[in-house]
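Engineer: Structure incoming, see below.
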Amino acid sequence: MNDQKEKAYQAKATFFDAQVQAEWAAKAYGAGEMEKLERIFEITGPLAGLRLLEPGCGTGRLTEVLAQRVGPLGRVVAMDISPQMVAAAHRRLDGCDNVELYQGSIEALADRLGTFDHVICHQVFPHFADHKAAFGMLARMLEPGGLLVISHFISIAEINDVHRNAGTAVAADLMPPAETMRRWCAEHRLCIDTWQDDDDGYLLCAKPNG
Ligand SMILES: C[S@@+](CC[C@H](N)C(=O)[O-])C[C@H]1O[C@@H](n2cnc3c(N)ncnc32)[C@H](O)[C@@H]1O
């Protein structure tokens, strides 16, 4: 990663450190959020025994759910650039032997992590320093038959509004438009299984062709 991206991640880490106790980061999932997550699990099917990658895990809210779903024979590999988020995730996931938690960017860690049955980017994709490069990197980390899941609890329009209004470090972290995501799927030989962008949130699930 070049110096400029490194600096941008340092600024974002500081921004997210300060958010660690915010309701969106810390509060237990409500029924509406669990319903939205269920849509992902309907598409992935059973997760027991699988190896999942979860970049940008925050305080580990989804990581905890994923750890329960993959069970003792599966593994969730999660990371976050924010030291405070990772510390909170460690507290939440204390005793979860099937979770590997790292502090750092997915870009910096990817080379040593191997491949995954599914890659789940929940509420993080816009924050990647280079969307196109990150998309390609995550696509390459997928096992055949796996799914790349990019999800948000809100629509693209809302995500982009929230980020523009949130503060300088994430103000430019906008979700790429649909046609760009479709093009990247095609370039990386991913076939789109699910596409949703409405009041129920954003959900793109794509799998390697063939
Ligand atoms: C909006 S938060 C979402 C956190 C969590 N996924 C959730 O839904 O509660 C985005 C998180 O991604 C982290 N992040 C941003 N870019 C990242 C990267 N390149 N690698 C790993 N984590 C990253 C941030 O530090 C932040 O905690």
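Engineer: Can you run down the residue pairs with Cβ atoms below 6 Å, 6 or more apart or on separate chains, where the first is in the range 129-156 and within 28 Å of residue 46 (Cβ to Cβ) and the partner is basic (Lys, Arg)?
Structural biologist: 147/207; 153/36
Engineer: Determine if the range 103-125 includes at least one residue that is hydroxyl-bearing (Ser, Thr, Tyr), within 10 Å of the ligand (Cβ to nearest atom) and modelled with pLDDT of 95 or more.
Structural biologist: Yes, because at least one residue in the range 103-125 is hydroxyl-bearing (Ser, Thr, Tyr), within 10 Å of the ligand (Cβ to nearest atom) and modelled with pLDDT of 95 or more.
Engineer: Can you name the condition, by its number, that residue 5 falls short on among (1) at pLDDT 95 or above; (2) within 12 Å of the ligand (Cβ to nearest atom); (3) touching a helix residue (DSSP H, G or I) at 6+ places or on another chain (Cβ under 9 Å); (4) charged (D, E, K, R)?
Structural biologist: Unmet condition: (1).
Engineer: Quick test for you: out of 137, 141, pick the one residue that is more than 9 Å from the ligand (Cβ to nearest atom) and under 21 Å from residue 194 (Cβ atoms).
Structural biologist: 141
Engineer: Hey, another quick one. Looking at residue 62, is it crowded, with 21+ Cβ neighbours inside 10 Å, more than 9 Å from the ligand (Cβ to nearest atom), at pLDDT 95 or above and among the aliphatic types (A, V, I, L, M)?
Structural biologist: no
Engineer: From 21, 84, grab the single residue that is free of Cβ contacts under 8 Å to residues at least 40 places away in the same chain, within 13 Å of the ligand (Cβ to nearest atom) and more than 16 Å from the chain's Cα centre (by Cα).
Structural biologist: One residue alone meets the criteria, 21.
Engineer: Among the candidates 128, 116, single out the residue that is crowded, with 19+ Cβ neighbours inside 10 Å and under 25 Å from residue 10 (Cα atoms).
Structural biologist: Unique residue meeting the criteria: 128.
Engineer: Of the conditions (1) within 22 Å of residue 130 (Cα to Cα); (2) more than 10 Å from the ligand (Cβ to nearest atom); (3) touching a Cys at 6+ places or on another chain (Cβ under 8 Å), residue 56 clears all except one; give me its number.
Structural biologist: (2) is the only condition that residue 56 fails.
Engineer: Okay, moving on. I need the full set of residues from the range 141-173 which are surrounded by fewer than 16 Cβ atoms within 10 Å (Cβ to Cβ) and part of a loop (DSSP other than H, G, I, E, B), in order please.
Structural biologist: Residues satisfying the conditions are 167, 168, 171, 172.
The values are calculated or read from the model by the stated rules, or taken from the named source; none is laboratory data. Treat the numbers as computed from the prediction; the structure is a model and nothing was measured. Here Cβ is always computed from backbone atoms with ideal geometry, including for glycine, and neighbour counts include all displayed protein chains.
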